[in-house]
Amino acid sequence: MLFQEVLALIKKEFVLEWRQRYALNGMILYVFSTVFICYLSFNVKGAQLHPITWNALFWIIILFTAINGIAKSFNQERYGRFYYYYALVSAQGIIVAKMIYNALLMLLLAILGISVYSLVLGNPVADWPLYLLNMILSAIGFSTTLTLVSGIASKASNSPTLMAILSFPVILPMLLIIIAISKNAIDGLDRSVSDSSLLVLVAINLIVLSLSYILFPYLWRS
Amino acid sequence: MAKLNSKHVIWKLLASLLLFYTIIGGLMMEVPRLPILNETIRALYFHVPMWFGMIILLLISAVYSIRYLNKDDQAYDDIAVEFANAGVIFGVLGIVTGMIWAQFTWGAWWSGDPKQNGSAIALMTYFAYFILRNSLSDQQQKARISAIYNIFAFATLIPLLFILPRLTDSLHPGNGGNPGFNAYDMDSKLRLVFYPAVIGWTLLGVWIASLRIRIKRLKSDMNDLEYQR
C-alpha cells in the first residue's frame, strides 16, 4: 500500500519536474556557474589546486546547490493542492517519495558538478569507487536532512534565509564526515581507513531518515 | 503570604548549598599537580559542569517537545522553550570559560579543537531554533513546528558532540595522550567536588528555567484577564 503510494508520488514528482523544466535547468545552471565562478576566482589552471582546497570547495558548492535545490520541494506546488494530497495519501508516503526523488536529483547534480569541476579544476581522485559510494551516500544524506528542513522552512515567512540557517548546523556533522571520506578517496588510502567513517555516515543517515519519517506527519497536519 | 511548599524549597536549598560548596571547595581544596594544567585544573568545577548542564537541560527540552507533539498542550511548549533557553545560557558560559582556559593552556582563544567547533555548532543550532520560533506568528503552529525542529536538532547533536570528537585527535583534556580528566587521571579528590558541582549547576539551570516558565505563565494569565475585561 505504502509502496504503491510512494511509487505513484515519485512518478508525480518526475512528471511535475519535467513540465516545469525551468526549475531543473535553473539548478543545473546554478551548479555550472558556481563551479565556473570558483574556477575563475582561483584563477589557476587544472590540477594546480591543493587537494584539500579542491575537496572542500567542491563539497561547499554541492552543499549550497542542495540547499537551493531542495528548498523548493514544498514551494513548487500551490498551497491548495496540499489539501488534495492530504485527503488522498498518507504523510509517510509523501515524505518518503520526496526524499527518494530529492536523493536522485542530488545525485544527478553532484555527478554533473564533479564532471564540470574536474574539467576546469583538474581531478586528483585516486580511488573512484569509494568516491562514488561516498557521493551516493551524501546525496541520500543531504536529501533526507534537507527535505524535512524545507518542510519546516516553508511554513514560516522569511523562508530562504530560514532554510539556510536551519539546515547548516543540522547538516554539518554529515558534511564533515563526507569531506573526510572523500579526502581519503582522493589520497587513495587503504579502504579500511574509511570504514568507521562510512559506518558513522550510514548511521547518521538512518537516524535522520527515521526521524523524518516519524516527525513529518506532525508537520503535515499543521 | 502563600505557604512555602517544602518539596519545592528542598531542591533549591540543595542547589544553593552545592554551589557554595563548589565555589569554596573548588577554589580552596587540594588539587593534583599535573604538567601544563597546573592550577587551571580547577576549571573542571566551573567549565565542564556547564556542558553537563547544557546537555541535560537540552535533553529535558527535547523530551517536552516530544510530549507537546503527543498532546497539544501549550504548557509543554513553554517548558521546552525555557529549558532550551537555559541550556543555551549554559552553552555560552561553557564556551566563554573554555576560551579563557584555552588562552592560558593552549595559548590561543580558539584553536580549532573538535570540541570547540562542536559546541559552536550546537549553539548555532539553538540560535536557529529561536529564529525559527520568532518567524512563525501563529501560536499553535509556532509550538508545533519548533517542537519538530527541536527534536530533529537534538538528535543530530548527539553524533556531533559524542561521536565525531572521538574519531579525530584533539588537544582537549580527556582525549588522546593529554593529561586531563579522563577515567584514569580523575583522582578521588577531584571527584569530591566535581560530582556535587555537576548536580549543583544543573539544578541552578532547572531553577532558572522554572522561574522563567512561571513568569511566562503569569504574563499569559494577565493577558487573558485583560482580554476578559
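The values are calculated or read from the model by the stated rules, or taken from the named source; none is laboratory data. Owing to the predicted nature of the structure, the values given are computational and were not obtained by experimental measurement. A quick note on method: Cβ atoms are made from the backbone with ideal geometry, for glycine too, and the neighbour counts reach across all protein chains shown.
So here's what we get for this one:
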{"quantity": "Of residues in the range A:153-170 being crowded, with 22+ Cβ neighbours inside 10 Å and touching a residue at least 24 places away in the same chain (Cβ under 8 Å), the one farthest from the other protein chains (Cβ to nearest Cβ)", "calculated": "A:163"}
{"quantity": "Among (1) modelled with pLDDT under 90; (2) farther than 28 Å from residue A:184 by Cα - the single one residue A:44 does not satisfy", "calculated": "(2)"}
{"quantity": "Failed item, numbered, when residue A:177 is tested on (1) part of a helix (DSSP H, G or I); (2) more than 8 Å from chain B (Cβ to nearest Cβ); (3) in contact with a helix residue (DSSP H, G or I) (Cβ under 9 Å, 6 or more places away or on another chain)", "calculated": "(2)"}
{"quantity": "Given (1) modelled with pLDDT under 90; (2) more than 20 Å from residue B:191 (Cα to Cα); (3) assigned to a helix (DSSP H, G or I), index of the condition residue B:72 fails", "calculated": "(3)"}
{"quantity": "Matching residues in the range A:37-62 - criterion: being exposed (fewer than 14 other Cβ atoms within 10 Å of the Cβ), in contact (Cβ under 8 Å) with a residue 24 or more places away in the chain and part of a helix (DSSP H, G or I)", "calculated": "A:52"}
{"quantity": "Some residue of the range A:171-192 being among the charged types (D, E, K, R), over 28 Å from residue A:41 (Cβ atoms) and without any contact (Cβ under 8 Å) to a residue 12 or more places away in the chain", "calculated": "yes"}
{"quantity": "Residue A:216 being more than 8 Å from chain B (Cβ to nearest Cβ), under 24 Å from residue B:124 (Cα atoms) and in a helix (DSSP H, G or I)", "calculated": "yes"}
{"quantity": "Candidates B:153, B:120, B:102 - the one that is within 14 Å of chain A (Cβ to nearest Cβ) and buried (at least 18 other Cβ atoms within 10 Å of the Cβ)", "calculated": "B:153"}
{"quantity": "Answer residue from the range B:133-142, given it is within 17 Å of residue B:68 (Cα to Cα) and part of a helix (DSSP H, G or I) and is nearest to the other protein chains (Cβ to nearest Cβ) among those", "calculated": "B:141"}
{"quantity": "Residue A:201 vs. criteria outside any helix (DSSP H, G or I), more than 8 Å from every other protein chain (Cβ to nearest Cβ) and surrounded by 14 or more Cβ atoms within 10 Å (Cβ to Cβ)", "calculated": "no"}
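Residues checked against (1) more than 12 Å from chain B (Cβ to nearest Cβ); (2) of a type in the set (Val, Ile, Thr):
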{"residue": "A:124", "(1), (2)": "yes, no"}
{"residue": "A:127", "(1), (2)": "yes, no"}
{"residue": "A:132", "(1), (2)": "yes, no"}
{"residue": "A:136", "(1), (2)": "yes, yes"}
{"residue": "A:144", "(1), (2)": "no, yes"}
{"residue": "A:148", "(1), (2)": "no, no"}
{"residue": "A:151", "(1), (2)": "no, no"}
{"residue": "A:182", "(1), (2)": "yes, no"}
{"residue": "A:189", "(1), (2)": "yes, no"}
